[in-house]
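K.L.:
The structure is given below, and queries will be raised subsequently.
The values are calculated or read from the model by the stated rules, or taken from the named source; none is laboratory data. This structure is a prediction, so every number in the text was calculated from the model and none was measured. Virtual Cβ from ideal backbone geometry, glycine too; neighbours counted across all protein chains shown. Each accessible area value is taken on the protein alone, full model and side chains, heavy atoms only, with ligands, DNA and RNA left out. Shrake-Rupley method; radii C 1.70, N 1.55, O 1.52, S 1.80 Å.
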Amino acid sequence: MTAIRGAAAITGAASGIGRALAIELAQRGCDLALADRDEAGLKSLAAEIGGQRKISVHRVDVSNPADIAQFAREVIAAHPALGILVNNAGVALMGTFEEIDQAQMDWLFDINFWGVVHGTRAFLPHLKTRAEAHIVNVSSIFGIIAPPGQSAYAAAKFAVRGFSESVRHELAVAGSAVKLSVVHPGGVATSIARSSRTGVGVTDNARRAQMIDRFETAARTTPKDAALRIIKGIERNEPRILIGNDARFMDILQRFRPATYWAPLQRKLEKMAKGK
């Protein structure tokens, strides 16, 4: 069991799961180091939490390793009791592989994958000095299944999963007190789809609107429920945290049909869209 105490650093904290997680951790006695590019969102969150906990806010672009290194230095100085790191920041990119260019794929990987790697590297030396500590790396259900139109996103989230599992095993072999969980949310009602970028080859705005609509129809888990599930996973030292009935279903389907899951899943998704 990992106790929820001390301080937690959260990237992508200004909205969505990150914001909900900050609120829930504060209510459980955690001080907070909140990072995002959205400074206004961070200040709003800090004001909402109020003076009940010590809070520091940091404008951080997780695609920039120097930003992450500075973030770690500032956080460790401000919160010596830091014991939880949540690498949560992420973006989405809509379009098939042929519709996105290499620059767009690099942009997504710099945030969704390298941001996790650099965050883990920057904070791990400090976390290893703690009697107990926990790293939470947010992947996606698209780190377990890979639907069409998500080649860049799925690739990055699969990479987060592989990286996280390997590091977790390394920590265990070394007898480290640092635990690591990888999170696979299904559809969570956040703004990630509406704020997503579209491939340079996508010229049909109606298709973009349809993709957003389908995501929001399927996104039935609230950010608060996602945050509560993550906290439970931290407390139980769960190596893999699935969020939502949809994520659990897709995980099971992939286990039974590892190479042929897409056809039955597509039929189910189309049925859900028609029944909206």
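K.L.:
Looking at 157, 128 in this structure, which one is among the basic types (Lys, Arg) and open to solvent by less than 20 Å² (accessible area, probe 1.4 Å)?
P.N.:
Numbers: 128 fails: open to solvent by less than 20 Å² (accessible area, probe 1.4 Å).
So the residue among 157, 128 that is among the basic types (Lys, Arg) and open to solvent by less than 20 Å² (accessible area, probe 1.4 Å) is 157.
K.L.:
Oh, and also: Hey, any hits in the stretch 58-68 for a residue that's modelled with pLDDT of 95 or more, buried (at least 20 other Cβ atoms within 10 Å of the Cβ), assigned to a loop (DSSP other than H, G, I, E, B) and touching a strand residue (DSSP E or B) at 6+ places or on another chain (Cβ under 6 Å)? Let's see the steps before the verdict.
P.N.:
Let us first name the residues in the stretch 58-68 that are modelled with pLDDT of 95 or more, namely 58-68.
If we keep only those that are buried (at least 20 other Cβ atoms within 10 Å of the Cβ) as well, we get 58, 60, 62-63, 68.
If we keep only those that are assigned to a loop (DSSP other than H, G, I, E, B) too, we end up with 60, 62-63.
From the residues that got through so far, the ones that are touching a strand residue (DSSP E or B) at 6+ places or on another chain (Cβ under 6 Å) too are 60, 62.
Yes: the stretch 58-68 contains one or more residues that are modelled with pLDDT of 95 or more, buried (at least 20 other Cβ atoms within 10 Å of the Cβ), assigned to a loop (DSSP other than H, G, I, E, B) and touching a strand residue (DSSP E or B) at 6+ places or on another chain (Cβ under 6 Å).
K.L.:
Given the structure, is residue 146 more than 21 Å from residue 12 (Cα to Cα), crowded, with 16+ Cβ neighbours inside 10 Å and without any contact (Cβ under 8 Å) to a residue 40 or more places away in the chain? Full working, then the answer.
P.N.:
Values: more than 21 Å from residue 12 (Cα to Cα): yes; crowded, with 16+ Cβ neighbours inside 10 Å: yes; without any contact (Cβ under 8 Å) to a residue 40 or more places away in the chain: yes.
Yes: the conditions hold for residue 146.
K.L.:
Before we move on, is residue 26 under 28 Å from residue 177 (Cα atoms) and part of a loop (DSSP other than H, G, I, E, B)? Lay out the reasoning, then the answer.
P.N.:
Numbers: under 28 Å from residue 177 (Cα atoms): yes; part of a loop (DSSP other than H, G, I, E, B): no.
No.
K.L.:
Read through the list (1) more than 20 Å from residue 266 (Cα to Cα); (2) at pLDDT 90 or above; (3) open to solvent by less than 40 Å² (accessible area, probe 1.4 Å), then give the number of the only condition that residue 225 fails.
P.N.:
Failing condition for residue 225: (3).
K.L.:
Here is a further query. For the stretch 172-188, enumerate the residues that are surrounded by 19 or more Cβ atoms within 10 Å (Cβ to Cβ) and either assigned to a loop (DSSP other than H, G, I, E, B) or modelled with pLDDT of 95 or more (or both).
P.N.:
Going through the stretch 172-188, the residues surrounded by 19 or more Cβ atoms within 10 Å (Cβ to Cβ) turn out to be 178-188.
Scanning the stretch 172-188 gives 178, 179, 180, 181, 182, 183, 184, 185, 186, 187.
K.L.:
Kindly list, by first and then second residue, each pair from a residue in the stretch 248-267 that is closer than 22 Å to residue 229 by Cα to a residue that is assigned to a helix (DSSP H, G or I) and open to solvent by less than 90 Å² (accessible area, probe 1.4 Å), limited to pairs with Cβ atoms under 8 Å and residues at least 6 apart or on different chains.
P.N.:
The qualifying pairs are 250/141; 250/265; 251/141; 253/264; 253/265.
K.L.:
Please find, among 47, 78, the residue that is touching a residue at least 24 places away in the same chain (Cβ under 8 Å), of a type in the set (Gly, Ala, Ser), surrounded by fewer than 20 Cβ atoms within 10 Å (Cβ to Cβ) and over 21 Å from residue 181 (Cα atoms).
P.N.:
Testing whether each residue is touching a residue at least 24 places away in the same chain (Cβ under 8 Å), of a type in the set (Gly, Ala, Ser), surrounded by fewer than 20 Cβ atoms within 10 Å (Cβ to Cβ) and over 21 Å from residue 181 (Cα atoms) leaves just 78.
K.L.:
Exactly one of these conditions fails for residue 160: (1) out of contact with any helix residue (DSSP H, G or I) (no Cβ under 6 Å at 6 or more places or on another chain); (2) hydrophobic (A, V, I, L, M, F, W, C); (3) in a helix (DSSP H, G or I). Give me its number.
P.N.:
Every listed condition holds for residue 160 apart from (1).
K.L.:
Next up: If the Cβ limit is 8 Å and pairs must be 6+ apart or interchain, which residue in the stretch 189-204 that is under 13 Å from residue 149 (Cα atoms) pairs with which residue that is surrounded by fewer than 12 Cβ atoms within 10 Å (Cβ to Cβ)?
P.N.:
Here the result reads 201/98, each pair linking the stretch 189-204 to a residue that is surrounded by fewer than 12 Cβ atoms within 10 Å (Cβ to Cβ).
K.L.:
Determine whether residue 5 is surrounded by fewer than 19 Cβ atoms within 10 Å (Cβ to Cβ) and either in contact with a Cys (Cβ under 8 Å, 6 or more places away or on another chain) or in contact (Cβ under 8 Å) with a residue 40 or more places away in the chain (or both).
P.N.:
Answer is yes for this residue.
K.L.:
Just to be sure, is residue 195 polar (S, T, N, Q), in contact with a helix residue (DSSP H, G or I) (Cβ under 9 Å, 6 or more places away or on another chain) and in a loop (DSSP other than H, G, I, E, B)?
P.N.:
Taking the combined requirement at face value, the residue does not satisfy it.
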